[in-house]
1. Could you name the aspartates and glutamates whose alpha carbon sits less than 16 Å from that of Lys254, not counting residues in the same chain fewer than 8 places away?
2. Which cross-chain or sequence-distant (5 or more) residues have an amide H under 5 Å from the amide H of Ile252, H modelled 1.01 Å from N in plane?
3. Working from the pairwise distances between different alpha carbons, so that the mean of 1/r is found and then inverted, what is segment 258-413's Kirkwood radius in Å?
4. Report Rg (one decimal) and Dmax (nearest whole number) for the chain, counting Cα atoms only, units Å.
5. Could you size up the charge dipole of the chain around its Cα centre, putting +1 on the beta carbon of Lys and Arg and -1 on that of Asp and Glu, and report it in debye to the nearest 20?
6. Can you put Arg403, Arg268 in order, fewest other beta carbons within 10 Å first?
7. List the longest stretch of the chain that has no exposed loop site; here a site is one of the GluC sites (Glu not before Pro) assigned by DSSP to anything other than H, G, I, E or B, with at most 10 other Cβ within 10 Å.
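All of the numbers you see were taken from the coordinates with simple rules; none came from a lab. If you're wondering where the values come from, they're calculated on a predicted model, not measured in any experiment. Virtual Cβ from ideal backbone geometry, glycine too; neighbours counted across all protein chains shown.
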Amino acid sequence: MLPSKSSRYTPAPLPSAWDYADVAVLALAVALVTVLALRARSRRWIWVAMLGSLVYFGFWRGGCVCSIGAIQNVALGLADAGYVVPIAVAALLLVPLASTLLFGRTFCAGACPLGALQDLVLVRPVRVPPVVDHALGLLAYVYLGAAVLFAATDTAFLICEYDPFVSLFRLVPLAQPGQTMNAFGGSTTMLAVGAGSLVMGLFIGRPYCRWLCPLGAVLRPLARVSKWHVAITPEECVQCRLCEDACPFGAIRKPNASEPRAARRIDRRRLALLLVAVPMVLGAGAALGWGLGKPFARMNHTVQVADRVHAEDAGLVEGTDNLSDAFYQTRRPKADLYAEARAVEKTFAWATALFGAWVGLVVGAKLVHLSIHRTRTDYEPDRAACVSCGRCFAYCPVERKRRKSLQEGGPSQ
């Protein structure tokens, strides 16, 4: 993925043929995993597909063919008419969006190298309390909003700079000819963060995917309305609960048809209160976001240069630094620099207000969602949380019976 011009981590450009090859490989990987999850129902071959994606997109391509990071390119393209989003980059984002809308999160199942790496190291999963899972899941939406904010203002590509696994991918020298990268592809701090994430991933199923992935925040609502989605059992559920024990992501929903109606009435009252409170939460979030405008604007390169030049003119600092030296070499008038910096600050004022409103909307929507209970008579996958990994297949007695029948050459029962 090509970071913004202000990013400190810019890989060497590759021939355009590689870009289209990457899109083709991604589309093929998503199609293959979709067939394996929805038709073949094979966890074993999904595992093989994950390994292939990890090798190609992770270690071979250095983690820089990234559908997650493409969010930033699209955000910058929509905000800046002078920036044209490369077709291949837009396709890297459109492929998982379209596939999720049709088939659920099969991209996450085996085509995403970040998800594959976490899934492959999960050896002793522990169950995360639902309240903790729901609370931490909000971080992905906040991260998404922040990434869009800083990309649209051409301040930073947060997803690229703080990807926890790129440094790990680039420790393995499999980069293509002509693709030059530094030793880690990021800071030593991010290398430590990535290692820590993998240690956490030994016990918690896909912590980055569940709680931080910005693309996951986009795919979740799309998966809820997907036309097709992976099913736990191929036929009628016998309610053995084995699938619930098999899922390390808390993505199995229990039957609730036997819940007392009194509890549902309480939920309706809470829902009514929340619907009234949500606009107030949005307003409070927007107000708090407005207050973050100036601090966030200080992260923008133009504002940093203007602050430094002004401080030098006012005698607040002695000498020059790299920022001011680079500006003086352009021979631009200082007035133009200050005017551009003020324009950036104004943009941040309303942009951070929208960011605050977005956070308020996310919190309000989560509370409203938790107050709405759909009646379930069987164990079902939560379409938003389920990554179509196929772990539950082998635990389902109906699925085992079907497979045994197929192996014996008879019709499935």
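1. Answer for Lys254, where 16 Å is the Cα cut-off: Glu236, Glu244, Asp245, Asp378, Glu380, Asp382, listed by chain and number.
2. For Ile252, whose amide H was placed from the backbone, the distant partners under 5 Å are Asp382.
3. That comes to 21.7 Å for segment 258-413.
4. Gyration radius and largest Cα-Cα distance of the chain: 24.1, 88 Å.
5. 1900 debye
6. The fewest-first ordering by Cβ neighbours comes to Arg268, Arg403.
7. Segment 1-235 is the longest.
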